[in-house]
Every structure is written in C-alpha cells, then in structure tokens.
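Report on the following structure.
The values are calculated or read from the model by the stated rules, or taken from the named source; none is laboratory data. Small disclaimer: the values here were computed from a predicted structure and weren't measured. We place every Cβ from the backbone using ideal geometry, glycine too, and count neighbours over all the protein chains shown.
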Amino acid sequence: MIRLDESAAPGSEVGAVEVRRWEPFGLGDRLPFFGMWYTVPPGESSPRDCHPEVELSVVVDGTAHVDTGAEVTEVPRGSAFLLDSHEAHVIHNRSDRPLTIFSAYWWPDAAGAASAINEARAAADSATDTQTKEAAT
Ligand code: NI
C-alpha cells in the first residue's frame, strides 16, 4: 500500500486555485493516469481549462459548480464529474467554504489502450477456460 498524503504534494498556484499534483509521489509508469488535488477558495473560480486529456473529478469537500460553457452543473461533495477531451471547464466555488477536488486525467489513447488490454485478457481467459474444459474431458 502506498499512502498518498495530500500534505506531501507541494502546492502551486494556478490563478486563485491551489494545485497539488501527484508527480512528487513518483508513481511514474505505475498508473495509467495523472492525479492531483486542487482547492478553489470561497467565492473564486478556476481559470478556464481546456486540454486533450479526459478528466475525472471527485468533489472531496465543498460543492462545485462546473461550467462547461454550455451549462453549469452543481456537483456536491462525494459526487464526481467527467470532462471529455477538449471539453472546456471553469470550476466555481459559490460557497463560503473551500472547495477541494481530486482529479485523475489521462490521454484519450490510454483509455483505448486499457480497453484493448482488457479485451486481450478476456480473450486469454476464454482460451484458458476452453483449455481447462478440454483438459477435464
Ligand atoms: Ni482540466
């Protein structure tokens, strides 16, 4: 088990937002995604973000208002939201408490690679099952 302690990840400021990326944990190639926590102070918003990586975010504390330009969606603590590749987003904190979010993000090709690996495993398992059945008969 590797404990990933939020306080061990040094913060950097992106506009009003404090970002704590997972790079210092040195997980490198062990994970098929990148990770970070970020905190939006009360009454503040993140800078507009738009990138090729798909981004899965879990609200750790507070309530997020996720603005994709097309709509603003309220996401409470414990819920999550998924942003597609190149889907612009601004995260608003309309409350008087800090908003903290954990995000995992990855290149779209990584999901395709994971899917291909799962299909290959399923095919291998299926072949093993067949061999096991044949061996049993
Ligand atoms: Ni983003």
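In segment 79-91, what residues are part of a loop (DSSP other than H, G, I, E, B) and under 13 Å from Ile101 (Cβ atoms)?
Result: Ser79, single match.
Quick one: in segment 96-109, which of the residues that are assigned to a loop (DSSP other than H, G, I, E, B) and not hydrophobic (A, V, I, L, M, F, W, C) is farthest from the ligand (Cβ to nearest atom)?
Looking at the filtered set, the residue picked out is Asp96.
Need the failing condition index for Ala88 against (1) more than 16 Å from the ligand (Cβ to nearest atom); (2) surrounded by fewer than 16 Cβ atoms within 10 Å (Cβ to Cβ), just the number.
(1)
Would you check if Arg97 is modelled with pLDDT of 95 or more and touching a helix residue (DSSP H, G or I) at 6+ places or on another chain (Cβ under 8 Å)?
no
Does Asn93 qualify as being more than 15 Å from the chain's Cα centre (by Cα), buried (at least 18 other Cβ atoms within 10 Å of the Cβ) and away from the ligand (no atom under 14 Å from the Cβ)?
Details: more than 15 Å from the chain's Cα centre (by Cα): yes; buried (at least 18 other Cβ atoms within 10 Å of the Cβ): yes; away from the ligand (no atom under 14 Å from the Cβ): yes.
Criteria met by Asn93.
Return the pairs, sorted by first residue and then second, in which the second residue is of a type in the set (A, V, I, L, M) and surrounded by 12 or more Cβ atoms within 10 Å (Cβ to Cβ), the first residue lies in segment 1-15 and is within 18 Å of Ser46 (Cβ to Cβ), the beta carbons are less than 7 Å apart, and the residues are 6+ apart or on different chains.
If the second residue must be of a type in the set (A, V, I, L, M) and surrounded by 12 or more Cβ atoms within 10 Å (Cβ to Cβ), the pairs left are Gly11/Val19; Ser12/Val19.
Please indicate, with yes or no, whether at least one residue in segment 68-78 is assigned to a strand (DSSP E or B), touching a residue at least 40 places away in the same chain (Cβ under 8 Å) and within 15 Å of the ligand (Cβ to nearest atom).
No: zero hits.
Anything in segment 40-52 that is over 24 Å from Trp106 (Cβ atoms) and within 15 Å of the ligand (Cβ to nearest atom)? List them, or say none.
Step one: of segment 40-52, the residues over 24 Å from Trp106 (Cβ atoms) are 41-45.
The answer is Ser45, and nothing else.
Condition test on Glu55, is it within 14 Å of the ligand (Cβ to nearest atom) and closer than 26 Å to Arg3 by Cα?
For Glu55, the condition - within 14 Å of the ligand (Cβ to nearest atom) and closer than 26 Å to Arg3 by Cα - is met.
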